[in-house]
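Asks: My questions will all concern the structure given below.
Please treat every number below as a calculation from the coordinates, not as lab data. Being a predicted model, the structure only gives us computed values, none of them experimental. A quick note on method: Cβ atoms are made from the backbone with ideal geometry, for glycine too, and the neighbour counts reach across all protein chains shown.
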Amino acid sequence: MNIFNRFFLRLLLAPTGLYRRIGVNPLHLRAILIAKLTMDDRRPAGLHQMRRKKEKEKPTTGATLGTMFFTALMGCFFLFSFGVGGDAMTQYTFYFSFYIFILASTLISDFTSVLIDVRDNMIILPKPVTDKTFLLGRLFHIIIHVAKLVLPMTLPGMIYTGIISGIPGLLPFMVLVLLASLFTIFLINALYVFILKVTTPEKFKNIISNFQIFIAILFYGGYQLLPRLMGKTALEGYSLTSAKWAVVYPPYWFAASWQYMKTFDLASPLVIYFVLSIIIPVLSVWVVIKYFAPSFNQKLSMISGSGDEPVAAKTNSKDILSTTSSYITSVANWLTEKGAERMAFLFTYKMMGRSRDFKMKVYPALGYLAVFVVVMFLNNKKLSLAQIQQETGQGKFVFISIIYFCSFALSTALGQLTFSDKYKAGWIYYVTPIHNPGRMYSGAVKATIIKFYVPLVAIIFCTAIAIVGPKVIPNLLLGFFNQVLITILTAYLTLNAFPFSVQQSTSMKGGKFIKGLFALAIPIMLAIVHYFIYSYLIVIIMLCLLSGIATWLMMDALKNKNWEQVYAREYEG
Amino acid sequence: MDPIISLKNVYKNYGDKKVLKGINLDIYPGQVIGYIGPNGAGKSTTVKILCGLISDYEGEVSIEGINLKVDPIAVKARIGYVPELAELYDVLTPAEFLGFMGELYNMPKELATDRIAKMLAAFGLEANMHQRMDTFSKGMRQKVLISSGLLHNPDIIILDEPLSGLDANSVIIVKNLISKLAKDGKTIFYCSHMMDVVEKVSDRIVLINEGTVIADGSFEELQQQQGNISLEKIFAQMTGKESLSDAADQLMNAFGK
C-alpha cells in the first residue's frame, strides 16, 4: 500500500453513513478495494513483462509508483504541444488531443486486463456481498486506477499552465482535465460496445490489440511526419481558431472552454464551447451508466470465456482443410525438406500470423520502420525521381538504404521468434524424436523470411524495376542475397532456443545487447560496401553469385546444427 | 425434517439451449450428496445457481427455508463454495487472500486470522502463508481454496472437484474432512467426475443427464436397480450414448492402415 492508494482509499471511504443508507457495506467495500489495490501494486507495468517466477528475482512491488513515474514522463511529452501554434487556443487543443488520445490508448487494454477481472465473478460473487457493494467497489477501483494515470499524466501540463497563467489558468485547467477524462472513458466504452456489436467476443481481443498497434504507429508517424510536412515555421504560427472543422473537434472545445474560464466574459463567443465542454462529458457519463453499463459487464465476462459454451465444430470439410492455405503449403513443399524442417516452417508461419503476443511486439516495430523510411525521403529535399532513375549520388543512397532497411524488419521478427506467453508448450520439442534440431531452426528462419521479407522484397523489386528499369536487377539481387545471408548468419549465431518456447524476460543480458549491435552493424557495413561498388556491374554479378553460395552454405550449416551445438536450454515448463 | 436445500422445477436456458430441464431435489442436513453427470449435463450450472452466480433461472430454490431470489445475501452467508479450477487472486499471499475472504464473510478479524493460521498449518502450508500464490503448485492452490470455502464455518459446503491436483496424502485428509464435517451436521454437495471417490464419500448420489435427474439414491439403492456393479459402470450404463468399449475399439483401430 503506498501513499497514493492510502490517500484515495481514505478519501473514497469517508462517507460511510451514506454508503450504509444506499445498501453498501463499507467494510466489504474497503476489503475489496484493499485487495484490488494490493494486486495492482504487484502487477508488473507491462502486460507481458516480468512474469518470470524465479525466486532469485525480486517479486514486483510498488508497480504503481513505477507506472506513475513513467506516466509523468509521458505527460512531459505533451508539453511539445505548447511549442506548436501561435495562440493558446491552438496549443491547448493540441494538448487535449494528445491527452485524450494517450489516455484512451492506455486505458483500452486496462479495461479487460486490470479493471474488469472476471475472476471477481467466481471469487467475490458467491460471498455475501450485495451487488451494490460489488459494483461500487469496481467503480471506485476504476476511479482510483484512472486517477493514478490522470494525475501524473497531466502534472507537467498543470505546472506549465500554473507558471504561464497563474491560478486563474490552473483551476479551469484542472476542471477541464477531469471533464476530458470522463469524456475519454465514454469514448472507450462506446468503442467497446461498438466492437462487441459488430464482432464476436473471441475476436475482440485481437481487434483491440490490432487497434493498439495501429494507434502506436499512428502516433509515432504523426509525431515524426506532421512537423516535417507542414514545415516548422508554419507549425509555429499555426492557428486553429480560423479552421472551420475545429468546431466539431472535442479537444478544441476544451481548449476554448479553458480560454473562456479565465475571464468568464458572458458576451464572449467562446461561451458555447464552455457549455459544450461541461455538458458533453456529463451527458456521456449518463449514457455510459444508463445504456452501456448494464450489458457491459456480462459481455466482458464473455471475452475471457468461461468455457461453458463449446466451440462450434467446423462441419464443412473444406473449412477443415483450409486451415493451412494451399499457397503456404506449396511454398513449404518447395523450400523445405520433408519432416522436421517443414513442420517447423508451417508451425512458425502460422504462429507468427496468429499469436497476439508476437504481433504486438513485431508489427509496431515494422510500422516505425516504415515511418522512418518515409521520414528519410522527406528529409532529402534535394532528392528527385530523376536522380533515382539515373542511379546517381542521392538516389543511389536512398535506394541502398531502403534495400538494407528491410534487414531490421527481419531481425526484429527473428529476435521475437523464440518468445511466447505459452512457452510451456515447448515440451513438444523435447519429447519428440528430433534428430537434427537444426532443422527446426532452418524451418523457422525460412518461415520468417517468407513472412516478413518476401512481401517487402516483392514491393521493392516491382517499384524499383518500374522506376529505374531492368538494369537495376543485379543490384536488387545482391541486396536480396545479402539480406538473407545476414539473417541466416544472425540466426546461426544468436538463435538459441526453439520457436515460441521461451518466456519473455525484460532483463537484457549484456551478451544479448552486443549481439543486437552486431546484428545492426553487419547490414550497415554491407550497405556501405554495396554503395561504393554499385555501378560496377561485373563486380555486382560476381558478388551476387558469391553471396548466393554463401547463403546456401550458411543455411546448410544452420540446418545441420546438432544437439551438442545447440545451446540446449532446459525445458522451462 | 425440512430440507436444507430445496430445488423445485428449476429451469435454465442459455439462449436456445436448455441446460436444466426441471430439476427437483430436496437435500437434508448432514447428507453428503454426490452430484454426478457427464460433461454438459448441467452440473456446474446447478452449482452456480446454488452459489448465487446465476440468478436468471426459473423455478424455486430455497436454502434453510430462505428463497434464493428473495435474500441471496443471507443464503450466500450460509454456503461455503470451493470452485473448480484454481480461481484465486494469485498475486496475493494465502494470508491476504483468506483475510479478504474472511472480511467478505463478516468475520471478526482476530477470529479470521486465528482460523486462517490453523487451517493453513493443518494443510502444511504454514511456511508458505506469506508467499505469493503465483509460485504455488496446483495442489497448494487447491488447499487454499478449500480453506476459503470452510473459513466461515458454513452449514452447506459445495465442493466442485475438490481433489484435483492434490497429492495422495492430501486426498486422504480431504476425504476424512468430508466425513467429519458430515458427522458435525454439515451438508455437503460434492460434484466430481471421479466415480470411485463419489462412491465412497457420498451417502446419496444424484445423477443428472441432459438437464434432468435420472437417478437419485444411495449407492446401494442404485446397485439394486442397476445390478451389483461399481458406480463407474452404473454411470456408463445410464449416460453412455454408445457403447464405450466401441469407442476404445475405434481408438485402437486408428492405428491400423
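Asks: Once both labels are modelled 7 Å past Cα along the beta-carbon direction, what's the B:Val70-A:Glu564 spacing in nm?
Replies: Spacing of the two 7 Å Cα→Cβ label points: 8.1 nm.
Asks: Could you line up B:Glu220, B:Glu103 from fewest to most neighbouring Cβ atoms inside 10 Å? Could the numbers behind the result be given before it?
Replies: On the way: B:Glu220 9, B:Glu103 22.
Lowest to highest Cβ neighbour count: B:Glu220, B:Glu103.
Asks: Please determine, in degrees from 0 to 90 and to the nearest 10, the orientation of helix B:109-122 with respect to the longest principal axis defined by the Cα atoms of chain B, where the helix direction is its Cα long axis.
Replies: 50 degrees
Asks: Using 1/(1 + (r/R0)^6) with R0 = 45 angstrom and r between the beta carbons of A:Lys197 and A:Ile163, what's the FRET efficiency to the nearest 0.05?
Replies: 0.50
Asks: Put a dot 7 Å past each Cα toward the Cβ at A:Ser535 and B:Thr113; how far apart are the dots in nm?
Replies: Label at B:Thr113, label at A:Ser535, 8.5 nm between them.
Asks: Quick one: go through region B:156-177 and flag any residue whose amide nitrogen is under 18 Å from the point 7 Å out along the Cα-to-Cβ line of B:His193.
Replies: Taking a point 7 Å out along Cα→Cβ of B:His193, the residues of region B:156-177 whose backbone N falls under 18 Å are B:159-167.
Asks: How much mean residue ellipticity at 222 nm does chain B get from its helices, if each DSSP H run of length 4 or more adds -39500 (n - 2.57) and you divide by all residues, to the nearest 500 deg cm²/dmol?
Replies: The helix-only estimate for chain B comes to -12000 deg cm²/dmol at 222 nm.
Asks: Right, next: Please list, ordered by chain and number, the residues whose modelled amide H lies under 5 Å from the amide H of B:Ile157; skip anything fewer than 5 residues away on the same chain.
Replies: Result for B:Ile157 returns B:Gly80, B:Thr187, B:Ile188, B:Phe189.
Asks: If the chain between A:Leu13 and A:Thr263 were fully stretched, how many nm would it gain, using 0.36 nm times the residue separation less the Cα-Cα distance?
Replies: Separation in residues times 0.36 nm, less the Cα-Cα distance, equals 86.4 nm.
Asks: For A:Val282 paired with B:Asn24, estimate the spin-label separation in nm (one decimal), with each label point 7 Å from Cα along the Cα-to-Cβ line.
Replies: 5.8 nm
Asks: Between B:Gly149, B:Gly99, B:Gly34, where does the largest GNM mean-square fluctuation fall for chain B, given springs only between Cα atoms within less than 10 Å?
Replies: B:Gly99
Asks: Over chain B, what is the relative contact order in percent, taking alpha-carbon pairs closer than 8 angstrom and at least six residues apart?
Replies: On the way: 430 pairs, mean separation 64.7, N = 257.
Relative CO of chain B lands at 25 percent.
Asks: Something else: Compute a Gaussian network model of chain B, connecting alpha carbons closer than 10 Å, and tell me which residue from B:Pro94, B:Pro162, B:Pro108 fluctuates the most.
Replies: B:Pro108
Asks: Among B:Gln226, B:Gln142, B:Gln31, which one shows the highest mean-square fluctuation when chain B is modelled as a Gaussian network with alpha-carbon springs under 10 Å?
Replies: Taking springs between Cα atoms under 10 Å, the residue moving most is B:Gln226.
Asks: Something else: With a Förster radius of 60 Å, plug the Cβ-Cβ distance of A:Leu79 and B:Gln226 into 1/(1 + (r/R0)^6) and report the FRET value to the nearest 0.05.
Replies: The calculated FRET efficiency here is 0.15.
Asks: Let me ask something additional. Under the definition of partner shielding as Cβ atoms of other protein chains within 10 Å of a residue Cβ, what is the mean value for peptide B:87-96? Could you put the intermediate results ahead of the total?
Replies: Details: counts 6, 3, 10, 3, 10, 4, 1, 0, 0, 4.
Taking the mean over all residues of the peptide, I get 4.
Asks: Using 20 Å as the cut-off for backbone N distance, which residues of region B:36-58 belong to the label zone defined by a point 7 Å from the Cα of B:Thr212 along Cα→Cβ?
Replies: Under 20 Å, as judged by backbone N against the label point of B:Thr212, lie B:36-47, B:58 of region B:36-58.
Asks: Under 5 Å between amide hydrogens, which residues at least 5 positions from B:Arg204 or on another chain qualify, with H placed 1.01 Å from N in the peptide plane?
Replies: Close amide H contacts, sequence-distant or interchain: B:Val32, B:Gly34.
Asks: Another question, then. May I ask for the distance between the Cα centers of region A:413-449 and region A:152-194, given as a whole number of Å?
Replies: 47 Å
Asks: I've got another one for you. At 0.36 nm per residue, minus the direct Cα-Cα distance, what do A:Lys471 and A:Asp131 gain on full extension? Give it in nm, one decimal, please.
Replies: 115.0 nm
Asks: Where a ≥ b ≥ c are the square roots of the eigenvalues of the C-alpha gyration tensor, would you call region B:69-220 rounded, which needs a/c under 1.5, or, failing that, prolate if a/b is larger than b/c, or oblate? All intermediate terms of the calculation are to be shown ahead of the outcome.
Replies: Working: a/c = 1.87, a/b = 1.43, b/c = 1.31.
Prolate is the answer for region B:69-220, as a/c is 1.5 or above and a/b outweighs b/c.
Asks: Mind checking the angle between helix B:94-104 and chain B's longest principal axis? C-alpha axes, 0 to 90 degrees, to the nearest 10.
Replies: 90 degrees
Asks: Same structure, new question: Given axes a ≥ b ≥ c from the Cα gyration tensor, I'd like to know whether region B:136-257 is rounded (a/c under 1.5), prolate (a/b larger than b/c) or oblate.
Replies: Verdict is oblate for region B:136-257.
Asks: Take the alpha-carbon centre of region B:72-89, take the same for region B:212-257, and report the distance between them in whole Å.
Replies: Their Cα centres are 32 Å away from one another.
Asks: Determine, from the Cβ-Cβ distance of B:Ile172 and B:Ser137 and an R0 of 22 Å, the FRET efficiency 1/(1 + (r/R0)^6), rounded to the nearest 0.05.
Replies: Working: r = 18 Å, r/R0 = 0.82.
Approximately 0.75, to the nearest 0.05.
Asks: Shape of region B:20-87 from its Cα gyration tensor (a ≥ b ≥ c, root eigenvalues): rounded if a/c is under 1.5, otherwise prolate when a/b > b/c, or oblate?
Replies: rounded
Asks: Ordered by residue, what ³J(HN,Hα) values in Hz, to whole numbers, does region A:447-460 give under the Karplus form 6.51 cos²θ - 1.76 cosθ + 1.60, where θ = phi - 60° and Gly and Pro are x?
Replies: Result, rounded to whole Hz: 4, 4, 5, 5, 6, 9, 10, 4, x, 4, 4, 4, 5, 5.
Asks: Quick one: which residues, 5+ away or cross-chain, put their amide H under 5 Å from the amide H of B:Ile54? H built at 1.01 Å from N.
Replies: Counting only residues 5 or more places away or on other chains, the set is B:Ile49.
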